[in-house]
Amino acid sequence: MNSFDRITIDDNVCHGKPCIRGMRWPVEVIIDMLGSGMTIEQIIEDHPELEREDILASLNFAKLYLAGRSIKEVA
């Protein structure tokens, strides 16, 4: 699974927001946790259903989004 496969967008999950692997974990929540000072290890410890690669994929998605690009352009 590459990092772009980890980000899913489904109108039936979290109102179509980009999420982690179809779960109800929006990318914005992952970014918020990192922004609040949590480390990747702390996030995984608190939420074991998440994987390190999910968090890195969230960062990569945010980078692409801010650059005005989409996953489809680089996949």
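Looking at the chain as a GNM with Cα springs under 10 Å, which of P48, P18, P26 has the largest mean-square fluctuation?
Largest GNM mean-square fluctuation: P48.
Could you calculate, for the chain, the ratio of the Cα radius of gyration to the Kirkwood radius, expressed as Rg to Rh?
Working: Rg = 11.8 Å, Rh = 12.4 Å.
When Rh is taken as the Kirkwood radius, the ratio is 0.95.
Quick one: if the Förster radius is 22 Å, what FRET efficiency do L64 and Q42 give, using the C-beta to C-beta distance and rounding to 0.05?
On the way: r = 25 Å, r/R0 = 1.13.
For L64 and Q42, the calculated efficiency is 0.30.
Would you mind computing, in nm to one decimal, how far apart the modelled labels at L56 and D32 are, each placed 7 Å from Cα along Cα→Cβ?
2.5 nm
The numbers here are math on the coordinates, done by the rules we state, and not lab data. It should be emphasised that the depicted structure is a prediction, and the values quoted were computed from it without experimental measurement. Neighbour counts are summed over all protein chains in view; Cβ atoms, including those assigned to glycine, are modelled from backbone coordinates with ideal geometry.
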